[in-house]
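Working notes, structure below.
Derivation of every value follows stated rules applied to the coordinates shown; laboratory data play no part. Please read these numbers as outputs of a predicted model, since none were measured by experiment. Heads up, the Cβs are rebuilt from the backbone with ideal geometry, glycines too, and the neighbour counts pull from every protein chain shown.
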Amino acid sequence: MSIERTDSVNMKLLKLTLANFQGIQSLIFEPNGHNANIYGTNGSGKTTVFNAMTWLLFDDASTGEKGFSPKTKGADGEDIHNLDHLVNGTFRLDDGTVTVFAKNLHENWMKKRGSRVEEFSGHQTDYFVDGVPVSKKEYDARLAVICSVDMAQILTQPEYFPESVNWQQRRKILLEICGDVTDFDVINGNDDLQKLNTLLLKPGSTGQFYTMDELQAITGSRMKKINETLDKLPSRIDEAARTLPQLTDTDQPEIRSRLQTLQQERDGLTAEKNNMTAGSAELISRQQLAEIRTQLAESRARYAQQCDPAKSAEYIRIQDLKKERTELDGQISAGQSYLRNFSDDLQSTKRRRERLSVEYIKIKSTEFCGDEQCPFCGQDLPSDRAEQARSDFNLRKSSDMEEIRSRIEAECSKPMIALIEERIQETVNVLSGHDARLYEINNELDSIALPGYPAFEKTAEYIEFAAQIDRIDIAIRQGDKVVDNKKRELQERIDGLMGQIGDEQQKLALLQVYADQQARIAELQAEEKTLNEEYERMQECAYLCEQFIVRKVRMLDDKINGKFESVKFRLFETQINGGIKEGCEVMIPTDNGLVPFKTANNAARINAGLEIIDTLSRHWGIAMPVFVDNAESVVELKSITPQVIRLIVSESDPELRVEVV
């Protein structure tokens, strides 16, 4: 429909034959290529003849009826079956060629296997060109050689172009007729539109430009996105402000100084505690104790050999007790070592728990900052992806918190600390039990005497050894107690420092969260300002686009309306808000000025439609038979080149009457 033909086609209707078509059992309409009038009262079949013509050419009713069917119905309103619904049209082209198009709609009835009764199986349309059966595709192709379906609908029905063709297509056709005005013709002809030359230039290009429609689409889309973002920004700023933590101390350098001092003090006390061991005097005492016990054992062995105690049960008992005492000495030494290790492990676990707890508090206090922009292109994310970003943040936050909780549970949980403390207590209890048993063993050894000889423990030699051992053992125990008390005192001070360190670290964490939130608020406020400025630029661009349309339409008005004798076209309307609404409305002149096609009287509408058909026929080089329904309302019908068939209501004609003019 966009190509102007170099040759002309003047299609004349010679004869139209109807059989069983919408209640008309048989009719032959034969205008022989001339204009004709068809008279008849209401319901006599005038419009049916028109429908037969449009159904023959493009499968539709002239009335635009949905689900149109040419079938004939009985008095009960039901279809009459087993009829051939036939339309046969004979046409002559201006080169003298005569072509006959025919369509026949009929029902298909079939007997199922084993049944004597035929059943309806659907409809079938047969197509014929010059009496030769053809497929629908071939039929349509033969018609298309003469005229496309779109053109045929416009050129045969006066009201089709003004009412059924959408305004964009109407304007496109009009521009084909009169020739378009380029965008740059409009811009360069108006000084106040010069800025559009820059706005239309594609980014990164020196000679590629957007179309005006593309620029309007880009501007409108961007304004919509900016508006959506601006609508959300105040709540996002408010949300960020509401999540600012409450600070009790804002002097970060002072906090860091206090934290460093506390950590240094803690590290010094920890090193002092870890390096605390027995003094040199205590080490000498332990060496002396070991030497004396060795001498005592040698003396005991000599005494036993002298007394031949191997034959007595008392001697065996003495040996068992001595063996048990030696084992107890080893267990006591090991237990003391375990006790020191458990104490060190307890403090290390507590420090690890404190550090992870501070990290957990910092993560927990972070809030979603509304990051709804693509990290790659910087554009706003769609609403569904923005919501996904919030969900991803919460998932990451929950995951990080869960990871720290898992580490606390795995490395330094309260049950673990309690277990270490329990083991310390158990070790203390075991050592106490060992000490008590050692005391019992020594008493029992003192009470056992070999038969016939005084017990070795009653001898002066033993008594002297025992006295020396007691003196040295008392000195050692007093030294251990002093060390343990000192370590306990140091640990209490370390624990207090750890609590203070945790408090200072939490203050720093809250300060960081506060600074991050303040930075986010400033970022959102800057974004709001930038978007407002961009929105103003987009508004200016939208205004320039509207002004461009106004100027272009004014330039096109004279070109388009100059192609028509009386009909005019309104290509835009100015809205109440000053905006421009594009369109392509057919306007008909009256004594009171131009009125829209849809509000004009029937006669004016028909003549306007004929004028449009005549202009389009001459432009396309195609003339087709034009049917004018309700023609009785037109006193003077506009004279046009194509063949015109008037449908006239006549109460005096109960049956159709044809008049060739």
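Determine the calculated [θ] at 222 nm for the chain from helices alone, applying -39500 (n - 2.57) to every DSSP H run no shorter than 4 residues and normalising by the residue count; nearest 500 deg cm²/dmol.
After summing the helix terms and dividing by residue count, I get -20500 deg cm²/dmol.
Cut-off under 18 Å on the C-alpha distance; same-chain residues fewer than 8 positions from Lys364 excluded. Which lysines are left, in chain and number order?
Filter leaves Lys397, Lys507.
Using the Karplus curve 6.51 cos²θ - 1.76 cosθ + 1.60 with θ = phi - 60°, what ³J(HN,Hα) values do you get for each residue of the stretch 485-494, in whole Hz, with x for Gly and Pro?
5, 5, 4, 4, 5, 5, 5, 4, 5, 5
Quote the FRET efficiency, to the nearest 0.05, computed for Asp400 versus Ala334 with a Förster distance R0 of 56 Å and r equal to the Cβ-Cβ distance.
0.85
At R0 = 51 Å, how high is the FRET efficiency between Tyr543 and Asn592 if r is their beta carbon distance? Nearest 0.05 is fine.
The formula returns an efficiency of 0.95 here.
In percent, how large is the relative contact order of the stretch 181-224, given Cα pairs closer than 8 Å and 6 or more residues apart?
The value is 25 percent.
Measuring from centroid to centroid over Cα atoms, what is the spacing of the stretch 593-611 and the stretch 91-129 in Å?
40
What is the helix-to-structure angle for 313-365, meaning the angle in degrees between its Cα long axis and the longest Cα principal axis of the chain, kept from 0 to 90 and rounded to the nearest 10?
30
Towards the positive end of the charge dipole of the chain, with charges on Cβ (+1 Lys, Arg; -1 Asp, Glu), say which of Met538, Val586, Ser135 has the farthest Cα.
It is Ser135.
Between helix 252-274 and the chain, what is the angle of the helix's C-alpha long axis to the longest principal axis, kept within 0 to 90° and rounded to the nearest 10?
The angle comes out near 40 degrees.
Specify the angular offset, from 0 to 90 degrees and rounded to the nearest 10, of the alpha carbon long axis of helix 212-242 from the longest principal axis of the alpha carbons in the chain.
30
Rounded to the nearest Å, what's the spacing between the alpha carbon centres of the stretch 395-466 and the stretch 47-66? Just the number, please.
Here the two parts' Cα centres lie 110 Å apart.
Just how large is the dipole of the chain about the Cα centre, in debye to the nearest 20, putting +1 at every Lys and Arg Cβ and -1 at every Asp and Glu Cβ?
My answer is approximately 800 debye.
Fewest to most neighbouring Cβ within 10 Å: what's the order for Thr156, Thr72, Thr427, Thr590?
Thr590, Thr72, Thr427, Thr156
Which one, Leu27, Val634, Ala389, projects farthest toward the positive side of the charge dipole computed for the chain from Cβ point charges (K/R +1, D/E -1)?
Among Leu27, Val634, Ala389, the one farthest towards the positive end of the dipole of the chain is Ala389.
Can you tell me, using C-alpha contacts under 8 Å and at least 6 residues apart, the relative contact order of the stretch 505-661 as a whole percent?
Here the relative contact order equals 12 percent.
Specify whether the C-alpha gyration tensor of the chain places it in the rounded, prolate or oblate class, a ≥ b ≥ c being the square roots of the eigenvalues: rounded for a/c under 1.5, otherwise prolate if a/b is larger than b/c and oblate if not.
Because a/c hits 1.5 or more and a/b exceeds b/c, the chain counts as prolate.
Are there GluC sites (Glu not before Pro) in the stretch 496-592 that DSSP marks as loop and that have at most 12 other Cβ atoms within 10 Å, and which are they?
In loop regions of the stretch 496-592 (DSSP not H, G, I, E or B), the sparsely surrounded GluC sites (Glu not before Pro) are Glu565.
Hey, got a sec? Which GluC sites (Glu not before Pro) in the stretch 617-658 land in a DSSP loop and have at most 16 other Cβ atoms within 10 Å?
Sparse-neighbourhood loop GluC sites (Glu not before Pro): Glu636, Glu651, Glu655.
Report, ordered by chain and residue number, the lysines lying within cross-link reach of Lys563, taken as a straight Cα distance under 18 Å and ignoring same-chain residues fewer than 8 apart.
Partners found: Lys172, Lys552, Lys638.
Suppose every Lys and Arg Cβ carries +1 and every Asp and Glu Cβ carries -1, with no other charges. What dipole size does the stretch 575-661 come out with about its Cα centre, to the nearest 20 debye?
Here the stretch 575-661 has a charge dipole of around 340 debye.
Once you charge only the Cβ atoms, +1 for Lys and Arg and -1 for Asp and Glu, what is the size of the charge dipole of the stretch 459-539 about its Cα centre, to the nearest 20 debye?
For the stretch 459-539, the charge dipole is close to 320 debye.
Quick one: order Tyr360, Tyr338 by neighbouring beta-carbon count within 10 Å, fewest to most.
Ordered from fewest to most neighbouring Cβ atoms within 10 Å, Tyr360, Tyr338 come out as Tyr338, Tyr360.
Starting from 0.36 nm per residue, how many nanometres of slack lie between Gln425 and Lys73 once their C-alpha separation is accounted for?
Extra length from Gln425 to Lys73 when fully extended: 116.1 nm.
State the extension gain, in nm to one decimal, for the chain segment bounded by Glu119 and Gln575, taking 0.36 nm per residue of separation less the distance between their alpha-carbons.
158.1 nm
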